Amino acid sequence: AQSVTQLGSHVSVSEGALVLLRCNYSSSVPPYLFWYVQYPNQGLQLLLKYTTGATLVKGINGFEAEFKKSETSFHLTKPSAHMSDAAEYFCAVSKGTGANSKLTFGKGITLSVRP
Amino acid sequence: NAGVMQNPRHLVRRRGQEARLRCSPMKGHSHVYWYRQLPEEGLKFMVYLQKENIIDESGMPKERFSAEFPKEGPSILRIQQVVRGDSAAYFCASSPPSGGPPDTQYFGPGTRLTVL
């Protein structure tokens, strides 16, 4: 069985500060890892994903994440927060394609950005 | 290219009524997933369908819930005899036919179901 742990439910940073959202996973097979963002009353938008290859993945809006197998982590970072980054962020894992493609999500982290 | 469409966006039902949620995948996508988001929780997988086939329904409650994705038309998530605990946001996602690494699942805006 797979699972995703996102520690804490809320992170607050100042505009221009580093954003770090943590994600740890457990998986019986090599995982495929995703970060999604959800703005209020909207659906989820993919920020970035790791499938194979380079472990540092760059996504949209200046976000990036690094897959660390030894730490079973896939933390999301952005060097400088912007007010528009305020949203809820979900880390997710899947086993692969076809019948293994369903996503298992963490509980999400709400990011607030202070002026 | 229009995104994933879901309707209605908001649905209010009284206990015991039926709820029908519709999802039109992105053009060219033949895979549909349904997820449920309860208050203060992340999204939980419910069911994965391809045209006319249910591939994985391991997340579906055993009773009252059903899903279909017919050859023509949208995917439908049906909840019979709704109860207050069914109040949640229901999201549909679609992806293209898989041919390699996992394809991105593109999410719709969701249907927010309120059961009175």
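The values are calculated or read from the model by the stated rules, or taken from the named source; none is laboratory data. As the structure is a computational prediction, the values presented were derived from the model and not from experiment. Here the Cβ positions follow ideal geometry from the backbone for every residue, glycine too, while neighbour counts run over all protein chains shown. These area figures cover heavy atoms from the full protein model, side chains too; ligands, DNA and RNA do not enter into them. Shrake-Rupley method; radii C 1.70, N 1.55, O 1.52, S 1.80 Å.
Among the conditions (1) within 12 Å of chain B (Cβ to nearest Cβ); (2) open to solvent by 10 Å² or more (accessible area, probe 1.4 Å); (3) touching a strand residue (DSSP E or B) at 6+ places or on another chain (Cβ under 8 Å), the only one that A:CYS91 does not satisfy is (2). Within segment A:47-75, the set of residues being out of contact with any Cys (no Cβ under 7 Å at 6 or more places or on another chain) and open to solvent by less than 40 Å² (accessible area, probe 1.4 Å) comprises A:LEU47, A:LEU48, A:TYR50, A:THR51, A:VAL57, A:GLY59, A:PHE63, A:ALA65, A:PHE67.
Mind checking which strands (runs of 3 or more DSSP E) fall wholly inside chain A and carry at least 2 residues that are out of contact with any helix residue (DSSP H, G or I) (no Cβ under 9 Å at 6 or more places or on another chain) and aliphatic (A, V, I, L, M)? Lay out the reasoning, then the answer.
On the way: elements: A:3-5, A:10-14, A:19-21, A:24-26, A:32-38, A:44-50, A:56-58, A:64-68, A:73-78, A:87-94, A:109-114.
Answer list for chain A: A:19-21, A:56-58, A:87-94.
Quick check: is even one residue across segment B:43-50 within 13 Å of chain A (Cβ to nearest Cβ), of a type outside the set (A, V, I, L, M, F, W, C) and touching an Asp or Glu at 6+ places or on another chain (Cβ under 6 Å)? There is at least one residue in segment B:43-50 that is within 13 Å of chain A (Cβ to nearest Cβ), of a type outside the set (A, V, I, L, M, F, W, C) and touching an Asp or Glu at 6+ places or on another chain (Cβ under 6 Å). Every listed requirement among (1) open to solvent by less than 60 Å² (accessible area, probe 1.4 Å); (2) within 8 Å of chain A (Cβ to nearest Cβ); (3) not hydrophobic (A, V, I, L, M, F, W, C) is met by B:PRO74 save one, (2). Only one of the listed residues (B:SER66, B:SER58) is touching a strand residue (DSSP E or B) at 6+ places or on another chain (Cβ under 8 Å), without any contact (Cβ under 8 Å) to a residue 60 or more places away in the chain and either in a helix (DSSP H, G or I) or loosely packed, with under 14 Cβ neighbours inside 10 Å (or both). That residue is B:SER58.
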